[in-house]
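Note sheet for the following structure.
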Amino acid sequence: MHPPLFKPHPLCGECVQDLVKCHEENPITKFFGACNDVKTAMDKCFRDEKIVRRTANLEKARKDNAEWKARLAERAAEDSRNEKR
């Protein structure tokens with residue numbers, strides 16, 4: 001089973017098109033493995049795409065977390081300055 005093909009897959013667009021083409025060219029034999037090689041290549045591409053997406057999300061989360069901690073520290077310093085007055 002694979003994710004929906006109608007969603008954009010920037011890294012795997014060619015693989016998706018190849019699978020759709022294979023299914024169109026083999027309406028019956030696709031059920032008996034005619035497109036298995038194409039689907040295997042597409043599945044590998046999807047796994048690689050997921051790794052790229054997950055890495056980008058992790059980097060964004062780390063950046064956002066660092067910004068949040070900086071704002072929190074700034075707010076704490078400001079509160080301590082206000083309390084001293």
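Please treat every number below as a calculation from the coordinates, not as lab data. If you're wondering where the values come from, they're calculated on a predicted model, not measured in any experiment. Please note: Cβ atoms are built from the backbone with ideal geometry, for glycine as well, and neighbour counts cover all protein chains shown.
Quick look at the values:
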{"read-out": "Answer residue from region 1-47, given it is of a type in the set (A, V, I, L, M) and touching a residue at least 40 places away in the same chain (Cβ under 8 Å) and is surrounded by the fewest Cβ atoms within 10 Å (Cβ to Cβ) among those", "value": "Leu11"}
{"read-out": "Unmet criterion (only one of (1) within 27 Å of the chain's Cα centre (by Cα); (2) surrounded by fewer than 10 Cβ atoms within 10 Å (Cβ to Cβ)) for Lys84", "value": "(1)"}
{"read-out": "Hits in region 1-32 (condition: more than 24 Å from the chain's Cα centre (by Cα) and in a loop (DSSP other than H, G, I, E, B))", "value": "Asn26, Pro27, Ile28"}
